[in-house]
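The next block holds one structure in the form of structure tokens; read it before the comments.
The values are calculated or read from the model by the stated rules, or taken from the named source; none is laboratory data. As the structure is a computational prediction, the values presented were derived from the model and not from experiment. Neighbour counts run over all protein chains shown; Cβ positions are idealised from the backbone, glycine included.
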Amino acid sequence: MPLHKTTQSIAAVSRILMRSRMAEIVVMAPAAVLAGHWFGAEGLVIVAVAVLPVALLGQGRDQLRAKAPGGHHLDDVTGLPPRQSIIAALGQAFDLGRISGRKSACLIVSLDETQRLLNDFGQSAHDHVLQKTGERIAGLLRETDLLARLEGDRFALALTPTLRMDLESAIQISVRLKKATAEPIRIDALTYYPSTSVGFCLASRSPLQSGASMLSAAELALEDARRNGPGAIRAYSPEIQHAAHLRDSLRERVGDALDSGEIIAYFQPQLSTDTGEVTGFEALARWNHPERGVLAPAEFMPTIMSNGLSERLSEVMLVNALAALRHWDRTDQRVATVAVNFSREELSNPSLVAKLKWELDRFDIAPNRLAVEILESVVADARNDMVVQNIGALAQMGCMIDLDDFGTGHASIANIRRFAVDRIKIDKTFVAKVDSDPSQQKIVSAVLSMAERLGIATVAEGVESIGEHAILSQLGCSFVQGFAIAHPMPIGDTQAWLHRHRAKLQSTPRMNRRTG
Ligand code: C2E
Ligand code: CA
Ligand code: CA
């Protein structure tokens, strides 16, 4: 058969196949047809001769439904083939691209926040959103692109190889995918607003010329997108790979770092706006890494959480914080309180309260000198009995309860009351430019007046300028914390800093609080 006829007849078969439902498309379109489109005449001849007759004649429709090309089972929820199909398709693209010069790209689309979807709407709604998202992605694809379902809530695409597959075209496709998958979805009487992140790898950027390598490169790009998300798009680059290696090595060492004292507390002062005096410090975790210097929590906290080490971290932080109080007491530094951050995981620990009591006794520190910082989102969502019980017991013991990142987590006034919150920490996103941006000022004023009526003190965090500090004092915020006052510092630097601060206080006029 002449080559162009072969091309026409395969294209015709493929067109018919493409008109059927998405799941069936992937099932019915044999690898030969895809390869014909993907790789031009050469690939077509090779693969068509070898595979097409078997694919079209030898398999019944029902058999085809259960399996994807290559014998892979289809996903029950979306009807799409699994990751092996993508690996195979990308591998073939590399093989045949060497002849034709056409290049593919692998894109991964992931639904953001599906755990919340599952919690709020249940399994069948979750499956419905997955199906709908798969259909929406399929609706944007060319006939010859391949779509598969990966583990979790992720979809992988192998794009039809072309001569002009570059960064710009991959970004354009990603933007279209993100837009199409963000349309609201009706779930019974409710509306769900999905959001997706996209990571991709161009064939020309793939670390190795293999399907598996290209897919895992796209997965690394997706991880990067999700870290920067929700709704981010990232392309694979060697820097992303390098960062992933660093994370891997941190992951391996983080347990040892907690045991060996490389992970310690830094302390950031909090000032009373009434007196300008230091009233306390917040303990913030830092990793003194022997090669990489001082690392902030963003670099190692996710690893601590995923390695189940949050209990060990809070032990280290608590001991560092109580030791710091004892040190300030012994050197007559007059620091009233220290605040320690407790994660949701740690607050779910049944032995938290007993452990805390024991440590306070051991250091001979009164409970009211320890502030327990709890994220507003944890308090807002406190359905977990253990978390509720622990917060109650800590308040009962006399510890201060600080509601962290207030304004970001939807805690109700009922919850603020229920958990006997002592202080609200106004999140830095509302504090930024509060001196020059009237809308910021309105939010902060509203929070301050609510707190005042509830009889709760307020801490503004992330105070970065003297202007912000001044306006917060005038508006009646009780305490301030931020770079304008001091960056977090090691315990060894606190004494000298306190000394300088007190000397400055004596020589400058006080910032006046609001009157009346
Ligand atoms: P956070 O509890 O909200 O802590 C305040 C963060 O803001 C700290 O970041 C601090 O360094 C930073 N910050 C302070 N002043 C300013 C400012 O003026 N401007 C800006 N832009 N940032 C400021 P850091 O130390 O990187 O900590 C980040 C987050 O990591 C903390 O946010 C907290 O949620 C978490 N974290 C830190 N240490 C611990 C810990 O020991 N346990 C737990 N569970 N979480 C911790
Ligand atoms: Ca905090
Ligand atoms: Ca905070």
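Which residues, taken from region 84-134, are among the charged types (D, E, K, R), outside any loop (DSSP other than H, G, I, E, B) and surrounded by 17 or more Cβ atoms within 10 Å (Cβ to Cβ)?
Narrowing region 84-134 to residues among the charged types (D, E, K, R): 95, 98, 102-103, 112-113, 116, 120, 127, 132.
So of that shortlist, the ones also outside any loop (DSSP other than H, G, I, E, B) come out as 95, 98, 103, 116, 120, 127, 132.
Of everything in region 84-134, those that are among the charged types (D, E, K, R), outside any loop (DSSP other than H, G, I, E, B) and surrounded by 17 or more Cβ atoms within 10 Å (Cβ to Cβ) turn out to be K103, K132.
From the list E262, E252, exactly one residue is within 22 Å of R286 (Cα to Cα), in contact (Cβ under 8 Å) with a residue 24 or more places away in the chain and in the same structural domain as V319 (by TED's automatic domain parsing). Which is it? Working first, answer last.
On the way: E252 fails: in contact (Cβ under 8 Å) with a residue 24 or more places away in the chain.
Unique residue meeting the criteria: E262.
Among residues belonging to region 308-360 that are buried (at least 16 other Cβ atoms within 10 Å of the Cβ), of a type in the set (S, T, N, Q) and touching a residue at least 40 places away in the same chain (Cβ under 8 Å), point out the one that is nearest to ligand 2 (Cβ to nearest atom).
Among those that are buried (at least 16 other Cβ atoms within 10 Å of the Cβ), of a type in the set (S, T, N, Q) and touching a residue at least 40 places away in the same chain (Cβ under 8 Å), it is N341.
Output the residues belonging to region 145-184 that are surrounded by 17 or more Cβ atoms within 10 Å (Cβ to Cβ) and part of a strand (DSSP E or B).
L146, L147, A148, R149, R154, F155, A156, L157, A158
Please specify each residue of region 270-285 satisfying the condition of being of a type outside the set (A, V, I, L, M, F, W, C) and either touching a Leu at 6+ places or on another chain (Cβ under 6 Å) or within 15 Å of ligand 3 (Cβ to nearest atom) (or both). So that I can check it myself, show each step before the final result.
Initial filter on region 270-285 (of a type outside the set (A, V, I, L, M, F, W, C)): 270, 272-277, 279-280, 282.
Once the filter is applied, which keeps residues that are of a type outside the set (A, V, I, L, M, F, W, C) and either touching a Leu at 6+ places or on another chain (Cβ under 6 Å) or within 15 Å of ligand 3 (Cβ to nearest atom) (or both), region 270-285 yields Q270, G276, G280, E282.
Test each condition in (1) part of a helix (DSSP H, G or I); (2) away from ligand 3 (no atom under 16 Å from the Cβ); (3) closer than 29 Å to L498 by Cβ for M317 and report the one that comes out false.
Of (1) part of a helix (DSSP H, G or I); (2) away from ligand 3 (no atom under 16 Å from the Cβ); (3) closer than 29 Å to L498 by Cβ, only one is false for M317: (2).
Which members of region 471-516 meet the condition of being at pLDDT 95 or above, aliphatic (A, V, I, L, M) and closer than 15 Å to V335 by Cβ?
I485, A486, M489, I491, A496, L498
Go through region 462-497 and give me each residue that's of a type in the set (D, E) and either at positive phi or more than 10 Å from ligand 1 (Cβ to nearest atom) (or both). Before the answer, list the steps.
Just the residues of region 462-497 that are of a type in the set (D, E), to begin with: 464, 468, 493.
Of everything in region 462-497, just one residue is of a type in the set (D, E) and either at positive phi or more than 10 Å from ligand 1 (Cβ to nearest atom) (or both), namely D493.
Within region 341-389, which helices (runs of 4 or more DSSP H) (wholly inside it) include 3 or more residues that are hydroxyl-bearing (S, T, Y) and at pLDDT 90 or above?
Working: elements: 344-347, 352-363, 376-380.
Here the list is empty.
Quick grid of which residues meet (1) closer than 19 Å to F483 by Cβ; (2) more than 9 Å from ligand 1 (Cβ to nearest atom); (3) in the same structural domain as V372 (by TED's automatic domain parsing); (4) among the charged types (D, E, K, R):
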{"site": "D274", "(1), (2), (3), (4)": "no, yes, yes, yes"}
{"site": "N288", "(1), (2), (3), (4)": "no, yes, yes, no"}
{"site": "P302", "(1), (2), (3), (4)": "no, yes, yes, no"}
{"site": "S306", "(1), (2), (3), (4)": "no, yes, yes, no"}
{"site": "S310", "(1), (2), (3), (4)": "no, no, yes, no"}
{"site": "V316", "(1), (2), (3), (4)": "no, no, yes, no"}
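Just the residues that are within 16 Å of ligand 3 (Cβ to nearest atom) and part of a helix (DSSP H, G or I), please, taken from region 462-472. Can you show your working first?
Going residue by residue through region 462-472, those that are within 16 Å of ligand 3 (Cβ to nearest atom) are 462-464, 468, 472.
Those that are within 16 Å of ligand 3 (Cβ to nearest atom) and part of a helix (DSSP H, G or I): E468, L472.
Is it true that E468 is under 31 Å from the mean Cα position of the chain (by Cα) and at pLDDT 95 or above? Let's see the steps before the verdict.
Working: under 31 Å from the mean Cα position of the chain (by Cα): yes; at pLDDT 95 or above: yes.
It is true that E468 is under 31 Å from the mean Cα position of the chain (by Cα) and at pLDDT 95 or above.
Being without any contact (Cβ under 8 Å) to a residue 24 or more places away in the chain, closer than 28 Å to D120 by Cβ and among the hydrophobic types (A, V, I, L, M, F, W, C): is that true of A380 here? Give the derivation first.
On the way: without any contact (Cβ under 8 Å) to a residue 24 or more places away in the chain: no; closer than 28 Å to D120 by Cβ: yes; among the hydrophobic types (A, V, I, L, M, F, W, C): yes.
Considered against the rule, which asks whether it is without any contact (Cβ under 8 Å) to a residue 24 or more places away in the chain, closer than 28 Å to D120 by Cβ and among the hydrophobic types (A, V, I, L, M, F, W, C), A380 comes out as no.
Looking at region 265-286, is at least one residue assigned to a helix (DSSP H, G or I) and not β-branched (V, I, T)? Let's see the steps before the verdict.
Restricting attention to region 265-286, the residues satisfying the condition of being assigned to a helix (DSSP H, G or I) are none.
Looking for residues that are assigned to a helix (DSSP H, G or I) and not β-branched (V, I, T), one finds none in region 265-286, hence no.
Residue under question is F479, and the condition is that it be closer than 17 Å to D427 by Cα, within 15 Å of ligand 3 (Cβ to nearest atom) and without any contact (Cβ under 8 Å) to a residue 24 or more places away in the chain; does it hold? Working first, answer last.
On the way: closer than 17 Å to D427 by Cα: yes; within 15 Å of ligand 3 (Cβ to nearest atom): yes; without any contact (Cβ under 8 Å) to a residue 24 or more places away in the chain: no.
For F479, the condition - closer than 17 Å to D427 by Cα, within 15 Å of ligand 3 (Cβ to nearest atom) and without any contact (Cβ under 8 Å) to a residue 24 or more places away in the chain - is not met.
Restricting attention to region 444-461, which residues are away from ligand 1 (no atom under 16 Å from the Cβ), among the hydrophobic types (A, V, I, L, M, F, W, C) and in contact (Cβ under 8 Å) with a residue 24 or more places away in the chain? Lay out the reasoning, then the answer.
Initially, region 444-461 is screened for residues away from ligand 1 (no atom under 16 Å from the Cβ), giving 445-446, 448-457.
Now narrow it down to the ones that are among the hydrophobic types (A, V, I, L, M, F, W, C): 446, 448, 450-451, 454, 456-457.
Listed by number, the residues that qualify are L448, M450, A451, L454, I456, A457.
Out of the residues in region 389-406 meeting the condition of being in contact with a helix residue (DSSP H, G or I) (Cβ under 8 Å, 6 or more places away or on another chain), without any contact (Cβ under 8 Å) to a residue 40 or more places away in the chain and among the hydrophobic types (A, V, I, L, M, F, W, C), tell me which one is nearest to ligand 2 (Cβ to nearest atom).
L403
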